[in-house]
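Participant: Okay, here's the structure, questions in a sec.
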Ligand SMILES: Cc1ncc(COP(=O)(O)O)c(C=O)c1O
């Protein structure tokens, strides 16, 4: 039985009315993928204020890996609401934070002793990871990548690559940041091919070190094992371990930004596990607490203990409701098949995408790790000219046909898939069938224009 149910024009009248009110009181800088307003969500579906039901392939930007309104999460949060909602961990500590730190230390890669700092958002966690790395090494510099996204606060934004809309007009940025090309094979900065390139992009870091950036001044590298906002860019296996080895040679700490890749999205709890990399500090957020604001820096105990008492924290950090939700999420990963599902979901999406690419010439590249699937669209497969307009058109059409999608990529030309990992095969197929029609419609229009 089909779950998509579109009963009004999109956006419907109630969404339009709410958006009119929104325009009067919310700044335009807060963007929306769609102009439909949510009323409720369960499992892999979202219902809007007009009663239209959509399949959610965005998951609130990768936050809902365990599904919307997951009963175990709802029950855990309800239970905690009845006990207390806030005392401030820096005023009075509480068990759910401590036990969550114990559990995260167990599940994060690395056999060494670990400690965990809880904060409220991915950006805040990145800021704290860099603070800890600087404190531990006494070095100011941070190495980061082209096409990376690490958040919107000053230091996180400085590490973020894309200019508009993220950085435009917000200078000056934090100093001591060195940016190098990522292992983005489809758009290789060195026009090389993997594997014959032998990771020229990593060698480039050594070259920069020898020319103008003394590695003794660099505290840490901040790296997404798979680029998220930057376009679901999956570097070849071996890339992350080669990067980690380079860092170890120079005493540079490895900070893995697993905000979008974490909590099962790539078929492992953390994506750096695919490469056998044990980061010194691992940053996670999003699906960690199924929609409650929570992020973590899980790191080597000796580094985490560097800052003096009071040097880390914040009023709401490690909120008990969010901790309760995270415990329920971890229970689900421990007792269920979510990691296996992640791989199966990704494989299913890839099968559809490869089928589409036979006739839809817009599709330039299909890449995935687990359920983290990206389809990069180009107007010409030879020149690889990014097809942003067409990507936006597919996203818009998908919404009208009942599938919520979000784009990604520095050029805004990548369709990314972030459905809950609890999505059923039937739901997934229904959404993918709807998307087939959208890809074909936009591709047909393009070929008409070309002709
Ligand atoms: C890889 C990565 N790092 C950091 C962030 C920032 O997280 P937040 O939006 O919770 O601040 C994001 C958000 O999308 C992300 O994808």
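Participant: Just to be sure I understand, how many residues within the stretch 227-249 are part of a loop (DSSP other than H, G, I, E, B) and under 25 Å from residue 157 (Cα atoms)?
Facilitator: Of all residues in the stretch 227-249, those part of a loop (DSSP other than H, G, I, E, B) come to 227-238.
Among the residues that remain, those that are also under 25 Å from residue 157 (Cα atoms) are: 227-235.
Number satisfying all stated conditions: 9.
Participant: How many residues are surrounded by fewer than 17 Cβ atoms within 10 Å (Cβ to Cβ) and without any contact (Cβ under 8 Å) to a residue 60 or more places away in the chain when one looks only at the stretch 154-173? Before the answer, list the steps.
Facilitator: To start, the set of residues in the stretch 154-173 that are surrounded by fewer than 17 Cβ atoms within 10 Å (Cβ to Cβ) comprises 154, 163-173.
Narrowing further to those that are without any contact (Cβ under 8 Å) to a residue 60 or more places away in the chain: 154, 163-164, 166-173.
Here the count works out to 11.
Participant: Return the residues of the stretch 236-254 that are within 29 Å of residue 336 (Cβ to Cβ) and within 16 Å of the ligand (Cβ to nearest atom); say none if nothing qualifies.
Facilitator: 240
Participant: Residue 444: more than 25 Å from the chain's Cα centre (by Cα), assigned to a helix (DSSP H, G or I), free of Cβ contacts under 8 Å to residues at least 60 places away in the same chain and more than 16 Å from residue 62 (Cβ to Cβ), yes or no? Walk me through how you get there before you give the answer.
Facilitator: Numbers: more than 25 Å from the chain's Cα centre (by Cα): yes; assigned to a helix (DSSP H, G or I): yes; free of Cβ contacts under 8 Å to residues at least 60 places away in the same chain: yes; more than 16 Å from residue 62 (Cβ to Cβ): yes.
In short, yes.
Participant: Condition first: touching a helix residue (DSSP H, G or I) at 6+ places or on another chain (Cβ under 9 Å) and surrounded by fewer than 14 Cβ atoms within 10 Å (Cβ to Cβ). Now tell me which residues in the stretch 79-93 satisfy that. Lay out the reasoning, then the answer.
Facilitator: Kept after step one, since they are touching a helix residue (DSSP H, G or I) at 6+ places or on another chain (Cβ under 9 Å), are these residues of the stretch 79-93: 79-81, 83-87, 89.
Result: 79, 81, 83, 84, 85, 86, 87.
Participant: Run down 113, 181 and say which single residue is more than 16 Å from the ligand (Cβ to nearest atom) and under 21 Å from residue 278 (Cα atoms).
Facilitator: Working: 181 fails: under 21 Å from residue 278 (Cα atoms).
Selected residue: 113, the only one of 113, 181 that is more than 16 Å from the ligand (Cβ to nearest atom) and under 21 Å from residue 278 (Cα atoms).
Participant: Do the conditions hold for residue 108, that is, is it away from the ligand (no atom under 12 Å from the Cβ), in contact (Cβ under 8 Å) with a residue 12 or more places away in the chain and either within 11 Å of residue 282 (Cα to Cα) or surrounded by fewer than 19 Cβ atoms within 10 Å (Cβ to Cβ) (or both)? Before the answer, list the steps.
Facilitator: Values: away from the ligand (no atom under 12 Å from the Cβ): yes; in contact (Cβ under 8 Å) with a residue 12 or more places away in the chain: yes; either within 11 Å of residue 282 (Cα to Cα) or surrounded by fewer than 19 Cβ atoms within 10 Å (Cβ to Cβ) (or both): yes.
Criteria met by residue 108.
Participant: Please indicate, with yes or no, whether at least one residue in the stretch 174-193 is more than 24 Å from the chain's Cα centre (by Cα), within 19 Å of residue 147 (Cβ to Cβ), touching a residue at least 12 places away in the same chain (Cβ under 8 Å) and surrounded by fewer than 20 Cβ atoms within 10 Å (Cβ to Cβ).
Facilitator: Yes - at least one qualifying residue is present in the stretch 174-193.
Participant: Identify all residues within the stretch 143-165 that are within 14 Å of the ligand (Cβ to nearest atom), within 18 Å of residue 252 (Cβ to Cβ) and not in a loop (DSSP other than H, G, I, E, B); write none if there are none.
Facilitator: Result: 144, 145, 155, 158, 159.
Participant: A follow-up question, please. What are the residues in the stretch 7-55 that are touching a strand residue (DSSP E or B) at 6+ places or on another chain (Cβ under 8 Å), surrounded by 17 or more Cβ atoms within 10 Å (Cβ to Cβ) and touching a residue at least 40 places away in the same chain (Cβ under 8 Å), if any?
Facilitator: 12, 34, 36, 43, 44, 45, 46, 52, 53, 54, 55
Participant: So how many residues does the stretch 258-300 have that are assigned to a loop (DSSP other than H, G, I, E, B), within 11 Å of the ligand (Cβ to nearest atom) and surrounded by 24 or more Cβ atoms within 10 Å (Cβ to Cβ)?
Facilitator: Total satisfying the criteria: 8.
All of the numbers you see were taken from the coordinates with simple rules; none came from a lab. Predicted model only: the values in this text are computed from it and were never measured. Neighbour counts are summed over all protein chains in view; Cβ atoms, including those assigned to glycine, are modelled from backbone coordinates with ideal geometry.
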